[in-house]
Amino acid sequence: ALPWLLGSFALGIALFTLVPASAMSGGFAVLCAALIGVGAFAMTFGAAKGGPMKHAVAGLLHLAFHPRQERFAATREAWTGNGTATPPTALKLADVEQQQDYGVAKAVEFRWNQLLSFDACVQCGKCEAACPAFAAGQPLNPKKLIQDLVVGMAGGTDAAYAGSPTPGIPVGQHRGTPNGPIVSGLIEAQTLWSCTTCRACVQECPMLIEHVDAIVDMRRNQTLVHGTVPGKGPEVLANLRETGTAGGYDKAARYDWSVDLNAPIAQGGQRVDVLLVAGEGAFDMRYQRTLRALVKVLNKAGVNYAVLGAQEADTGDVARRLGDEATFQHMAQQMMRTLATLSFARIVTADPHVMHSLRNEYRALGARYDVLHHTTLLAELAASGRIAPKAAEALREKRTTYHDPCYLGRYNGEIEAPRKLLKTIGIQVVEMERNGLRGRCCGGGGGAPLTDIPGKQRIPDIRMADARAVGADVVAVACPNCTAMLEGVVGPRAEVLDVAELVAASLE
Ligand code: SF4
Ligand code: SF4
């Protein structure tokens, strides 16, 4: 209908301006007015009632009042080549104590410009096509989720929705009102907990809608008000509060794997160039191999570094993804107090989730750290000649692909350094179909492995199939979660090796 309505408006205006007033009869003037009126109705009242111009009007207003104006600044900086702006991907801080901000329970509790953004959705389905949870048959379809929120805003049911349903939830079952609870009449809790917060939907959305912010807002309410985190989530949150580690470990044991490598422990008053923050991967026997490889390379390169040692507690990253903003802020303050006692130029970590928290999410609490991913530091060391890794023939002959961690690529824009590093050591990367900023999630983010919502298949199996499709013998990774998820794939599969392991092997 839209072309006809706009055509009517344009024709009415054209006739009214082109035909001289002397030649215009009363009937002709009424015809012009009717043509203009029909088009104008579509653009104004029709838009308000969900007519075809709704998305154009809402879309334009959404761009003007976007909830993350920083996105435009970052894009402008990238376009003009001014510096290396980090994509604005940090979650918004919730004032749990003063404002008693406990997330979103009803449609009306979203900020007004978030509501406007949902109306801007043109139902193109790009988010749905990119979503790993949807592909795995978990009960999440980001397009349907946004459309359900649109239904909630106006009140009504989803019966008129014509796209693919949320897997396992037939269309027609959702209804809601602006002041009614979102969970579970309008959206199921399982839908919220299926999300890996990978931001593939946000990356693809032509209308710049922020699905992850909306999902975390609703998770916060589920967690802070109802305490209904599924699976292992409650146990992990309790561990974090009680022990400062996700697994309930003794913090003093975090760097046990480094004892024979003589990794110095950070001391107040002793400045170092690099402070190594291991993260929760330090308690995982598999990821300890990666961390050991990294420390060996740092030793070999003569880097002036120290590890954080027994003072290190979790950054609060997973608590935040699970909606426990109170625990996140508590852990962040604790980490900031610890870091304030130490003197260092830069922080380096082999965990993109740790990097994202320290670099981007602590900023709202007043922290400013120069935080690097280990692949970036290793690429720097190789470029400056402090290490000269050369892969052995056997390694060079293996077909290697690189899996971008979402929290390194999409969240922090770092897709070049690991590839450059692999090339430097003589490994040619064979790209998977989804790579770089469009990489496919391994399924390990957002606390998804803890909430563990079942689907038809597992997300890491899909990712490993991507690697298989390009005939990869090795999948190079750069994150403890990716390592764990991809190594958990059963059956014949490519070998999973961290970039640090490949570099360390190439120095031997
Ligand atoms: S990508 Fe954006 S505009 Fe397209 S369906 Fe998803 S939310 Fe709507
Ligand atoms: S963040 Fe990832 S998992 Fe979550 S809805 Fe978007 S695409 Fe799906």
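The values are calculated or read from the model by the stated rules, or taken from the named source; none is laboratory data. Just so it is clear, the model here is predicted, and its values are computed rather than measured. Cβ: placed from backbone, ideal geometry, glycine included. Neighbour counts: every protein chain shown. Surface areas here come from the heavy atoms of the whole protein model, side chains and all, with no ligands, DNA or RNA. Shrake-Rupley method; radii C 1.70, N 1.55, O 1.52, S 1.80 Å.
Points worth noting:
- Tally of residues being open to solvent by less than 40 Å² (accessible area, probe 1.4 Å) and more than 19 Å from A56 (Cβ to Cβ) across segment 30-44: 2
- Output for segment 189-206, where each listed residue is more than 8 Å from ligand 2 (Cβ to nearest atom) and β-branched (V, I, T): T191
- Within segment 204-222, the set of residues being open to solvent by 20 Å² or more (accessible area, probe 1.4 Å) and under 23 Å from Q334 (Cα atoms) is empty.
- Taking the criterion of being touching a Phe, Trp or Tyr at 6+ places or on another chain (Cβ under 9 Å) and within 12 Å of ligand 2 (Cβ to nearest atom), the residues of segment 99-137 that qualify are C127, E128.
- Those helices (runs of 4 or more DSSP H) of segment 107-179 in which at least 2 residues are more than 12 Å from ligand 1 (Cβ to nearest atom) and under 23 Å from T197 (Cβ atoms), considering only elements entirely within it, cover 112-119, 132-135.
- Test for A345: is it open to solvent by 10 Å² or more (accessible area, probe 1.4 Å), farther than 24 Å from L237 by Cβ and assigned to a helix (DSSP H, G or I): no
- Entry remark, segment 266-310: residues being free of Cβ contacts under 8 Å to residues at least 12 places away in the same chain and of a type in the set (F, W, Y) number 0 in total.
- Residue within segment 235-248 that is open to solvent by less than 10 Å² (accessible area, probe 1.4 Å), away from ligand 2 (no atom under 16 Å from the Cβ) and in contact with a Gly (Cβ under 9 Å, 6 or more places away or on another chain) present: yes
- Filter result for the condition that a residue is over 29 Å from A310 (Cβ atoms) and without any contact (Cβ under 8 Å) to a residue 24 or more places away in the chain, over A214, A189, A154, A159: A159
- For segment 407-422, the count of residues that are of a type in the set (V, I, T), open to solvent by less than 30 Å² (accessible area, probe 1.4 Å), part of a loop (DSSP other than H, G, I, E, B) and in the same structural domain as E487 (by TED's automatic domain parsing) is zero.
- Selection status of M331, more than 22 Å from the chain's Cα centre (by Cα), part of a helix (DSSP H, G or I) and more than 26 Å from Q203 (Cβ to Cβ): no
- Scanning segment 292-299 for residues that are over 30 Å from G231 (Cβ atoms) and either in contact with an Asp or Glu (Cβ under 7 Å, 6 or more places away or on another chain) or not in a helix (DSSP H, G or I) (or both) turns up at least one hit.
- Residue check for D217: outside the structural domain of C121 (by TED's automatic domain parsing), farther than 17 Å from D317 by Cβ, at pLDDT 95 or above and part of a helix (DSSP H, G or I): no
- Just one of the listed residues (L378, L365) is among the hydrophobic types (A, V, I, L, M, F, W, C), more than 18 Å from D314 (Cα to Cα) and either open to solvent by less than 10 Å² (accessible area, probe 1.4 Å) or in contact (Cβ under 8 Å) with a residue 12 or more places away in the chain (or both), namely L378.
- Of residues in segment 223-234 being part of a loop (DSSP other than H, G, I, E, B), open to solvent by 40 Å² or more (accessible area, probe 1.4 Å) and of a type outside the set (S, T, Y), the one nearest to ligand 2 (Cβ to nearest atom): G231
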